[in-house]
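Throughout, read-outs are computed from the coordinates displayed, never taken from laboratory work. Because the structure is a prediction, the values reported are computed rather than measured. Positions of Cβ are backbone-derived with ideal geometry, glycine not excepted, and every protein chain shown enters the neighbour counts.
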Amino acid sequence: MIATCKAYIREGVMNVWDHSHSELVKRIDDCIRLDEAYQSQYWKMKEKLQKTPSERQFDFRFVLLLCIQLRQQQYKSSSVMCFVCRLRTITDALTDKTNVTIISRR
């Protein structure tokens, strides 16, 4: 997801800062909303499966492999969280810059 978001933010320009301010903020917000939607659906599905054990569950036949991958997934999950935090920080900085520019023009 991080690679896809980075590619989306970079799409069409040589440097991300070549986007207009509004376009860059829009793309960053799109990536943040993508993560929020992913997280929301993940937790909804997990809750649904816990509430309805009679329904078909995820296939957990490869428990050992799953345990090994869990550690990798925790790393990936924390990487996504860090990436989203960075995107929010960039958006805040861009917003602050815009506000300062507007105030300084008055």
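At a glance:
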quantity	calculated
Mean Cβ count within 10 Å, highest first, over the residues of peptides 27-39, 11-23	27-39, 11-23
Computed log₁₀ I(q)/I(0) - Debye formula, equal Cα scatterers, no solvent, segment 1-40, q 0.14, 0.20, 0.26 Å⁻¹	-0.30, -0.56, -0.85
Reachable aspartates and glutamates, given that their alpha-carbon falls under 17 Å from the alpha-carbon of LYS46 and they are not under 8 places away in the same chain	ASP35, GLU36, GLU55, ASP59
Spin-label model distance (nm) - ILE90 vs SER22, 7 Å beyond Cα toward Cβ	2.0
